[in-house]
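Notes for the one structure printed next.
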Amino acid sequence: MALILRSEIGRRLTVPEIDGNFTYLENLAMGLTESSPYQSVELTYTQALALLASEGVVDGKRYLITEFDVELYGGTDILVSGLPNNQFSTSGYGKFYNPNYGSVSVWDPSETYATDDLVIYGGKVWENLTGTAGTVDTYPFTLDNTNWLLQEDYTNADHYVAVWDQIELGFAEGEYCINSRYDSYRNNYVRVGQLNDPFGGDRWFNCGVSPIQVFGWGNNNINDCDIKDSYFNCLNIIGNTTIYGVKMSNYSFIFDTTFKDSTIEGLNFENESGCWTLNLDNSTFKNVNMTNESWISDITLSNNSYFERVDTSNRSYIVNAHLNNSSMYEINLNNYSYIEGWNNTNSSIELWNYSTMNYLSLDNHSRISGVIGLTESSYIKRINMTNRSIIEGPIDFKNNSRLEKLDATNDSYITDLSFTNDSYMENLDISSSNFQNIGLSASYINNVRTFTSYVENIDIINNSSFQYVNMDRSLFSNLQAYDNSNIGLIDLNSAYLDLTSLGTYSRSFPSGTSFRLNELKYQFDLTFNGTSGYGLTGSFLNIPAMLMPQDFYIEKVIIETSGLTYSGNSTIFSLSTPGLSPSIVEIAVSEIYDKIKVLDISNGLIVGSKADSDKMLTAFLTGGTNITSGEIKMEVTIKSTRYFYD
């Protein structure tokens, strides 16, 4: 039968097809006479060089060259063809001996071994001599010879599996070499570099040894070094492993791999290549470049692991990451690249137990989005966003988690974030961008600066705060605070709201305050029942002072009462500023008894004018009598005389 090539049939070979190819090539290698139907000529590598020198290579002749590329595996038998003009073909087949992963496992220093146990290390099989795990002698190929004996009988099928793999040849440093190896059954392709100059000046792709030699050939779960249309792992995957300078291209990927106490460095993912189900345990995965829709999906970091110095571009992405006491660090997203949680119910990006995402850069329509959760003092910090980049949730910050030091410019968006249980957001600089749909509960936002931006839809409840905010020519819309929450120390450009200048008055907006376009709205619900808090019985309504900034005026006051018990119709409800007369609103309580009263005010704080400086409004009763029970609801709307973009 003839060889069956995957490139011709368009699929991976079956086991019978692989067995048929092996039989064909084995017979070809053994057909050493002209009378054999499998004609080949056997030469050592030295003899092959001599044949080239004498111009004796025959076009169409099959040659079995032994001891080829001694530096790779100590010498390999290869099959090549003669070509015109005294040349050997640059592609052929090599005979290799893979360790039998089906019957022997990889050496693990943390395991306990008995005498005569077998392990795989460095692509070879070792037998235990002492009942001790022993040590590595020469990384990454040999164990110590006190505790382990190398098994060199490659005909023992329990230890090794003989294969004929496709190879490509190159020429480097004055010697012919094996430049690539391809396992057509597992579809593993490892290539050193360019065919004519395979090492590019840095021998073996900066791995220290050939990428072919440090690949776990024959292991169904280890697949890589310049990997094309393949998937990858390293030679000794269990613990203390270092991988450097691996190129993944054309749909290549790392699959279902765990690294323990390891370093994986210098990975390049190109052309929709990626990594799927990656577990790092006290390990580092760094200096990663991802381009042209490459991806990393379902990555788990634990026990002080790091995923760092990652550059993504051209719609590449990272999805579904889980961090426990670990860090994602120096992540650059560019050209529609993104980090995203894909699960619609549970958090698919999770940071917990002091985990971090630090030094993030988003540019040109890149984003962090999806279902994301942070808890137990985890944080996202030092984010730079520009050119229509997005941070979009639902993103939940819980239990002292935080988002801080964020810069957003050029039509970027921050939206759909929630903060609970002492979580917070602070030190934000937002320019020509949007900050919206933010919820706070028992949490806070501090130190926000905006310039020609939109800040809107901020809900603050349960003793939360939103303060130290400088809004320069920005639209500030639809901010609401309830349940003893605090809005304060806000600078709305020329409408300066720094309450520190207001002496002994309240340094916060009262609960029930909301901000909309050019508008402040105060809402109160006062219950007179003799208890402490709003609505104490008596003449003082115990409402925090309401700020009316410069250039604002009172537009409307709505008062609604229910079940009031009071003495005397002369009781007057007043809304005024301390030390000023006349009051803004004076109305007999009898006029608002058990009904809604709407007062439209068009002439401002003082007749015919607007507030010429920041004023504080207080609500109280006059007339010498008291409300003893019942409820008063009040809404005060204050408008600006100009737009914030003026």
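The values are calculated or read from the model by the stated rules, or taken from the named source; none is laboratory data. This one's a predicted model, so the numbers in the text were calculated from it and none came from an experiment. Because the Cβ atoms are built from the backbone with ideal geometry, glycine has one as well, and the counts that use them run over all protein chains shown. Note: accessible area is taken over every heavy atom of the protein model, side chains too, but ligands, DNA and RNA are not part of it. Shrake-Rupley method; radii C 1.70, N 1.55, O 1.52, S 1.80 Å.
The set of residues in segment 86-127 that are over 20 Å from ALA162 (Cβ atoms), part of a loop (DSSP other than H, G, I, E, B) and aromatic (Phe, Trp, Tyr) comprises TRP107, TYR113.
Evaluated against (1) more than 22 Å from GLU175 (Cβ to Cβ); (2) assigned to a loop (DSSP other than H, G, I, E, B); (3) without any contact (Cβ under 8 Å) to a residue 60 or more places away in the chain, ASP137 falls short on exactly one condition, (2). None of ILE461, ILE490 is out of contact with any Lys or Arg (no Cβ under 7 Å at 6 or more places or on another chain), modelled with pLDDT under 90, within 27 Å of GLU350 (Cα to Cα) and of a type in the set (Val, Ile, Thr) except ILE461. Residues that are at pLDDT 95 or above, among the acidic types (Asp, Glu), open to solvent by 70 Å² or more (accessible area, probe 1.4 Å) and more than 20 Å from GLY216 (Cα to Cα) occur in segment 116-131; there is at least one. Condition (residue is modelled with pLDDT of 85 or more, β-branched (Val, Ile, Thr) and buried (at least 17 other Cβ atoms within 10 Å of the Cβ)) applied to segment 273-290: is it met by at least one residue? Looking through segment 273-290, at least one residue is modelled with pLDDT of 85 or more, β-branched (Val, Ile, Thr) and buried (at least 17 other Cβ atoms within 10 Å of the Cβ).
Checked against the criterion of being touching a residue at least 40 places away in the same chain (Cβ under 8 Å) and open to solvent by less than 50 Å² (accessible area, probe 1.4 Å), the candidates LEU360, LEU351 yield just one match: LEU351. Filtered by the rule that a residue be assigned to a loop (DSSP other than H, G, I, E, B) and either touching a helix residue (DSSP H, G or I) at 6+ places or on another chain (Cβ under 6 Å) or buried (at least 20 other Cβ atoms within 10 Å of the Cβ) (or both), segment 363-397 gives SER366, VAL371, THR375, SER378, SER389.
Yes/no matrix, rows are residues, columns are (1) more than 30 Å from THR130 (Cβ to Cβ); (2) part of a loop (DSSP other than H, G, I, E, B):
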residue: THR146; (1), (2): no, yes
residue: LEU149; (1), (2): no, no
residue: ASP158; (1), (2): no, yes
residue: VAL161; (1), (2): no, no
residue: GLY170; (1), (2): yes, no
residue: TYR176; (1), (2): yes, no
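Answer yes or no as to whether GLU111 is open to solvent by 30 Å² or more (accessible area, probe 1.4 Å), among the charged types (D, E, K, R) and at pLDDT below 95. Taking the combined requirement at face value, the residue satisfies it.
ASN334 - would you say it is at positive phi and not acidic (Asp, Glu)? Judged against the criteria, ASN334 is not a match. Could you please tell me which pairs satisfy a Cβ distance under 9 Å, a separation of 6+ or placement on different chains, a first residue in segment 444-456 that is surrounded by 21 or more Cβ atoms within 10 Å (Cβ to Cβ), and a second residue that is among the acidic types (Asp, Glu)? Qualifying pairs under 9 Å: TYR444/ASP422; TYR444/GLU426; ILE445/GLU426; VAL448/GLU426; VAL448/ASP429; THR450/ASP429; THR450/ASP472; SER453/ASP472.
Within segment 142-170, the residues that satisfy the criterion of being open to solvent by less than 50 Å² (accessible area, probe 1.4 Å) and free of Cβ contacts under 8 Å to residues at least 24 places away in the same chain are THR142, ASP144, ASN147, ASN156.
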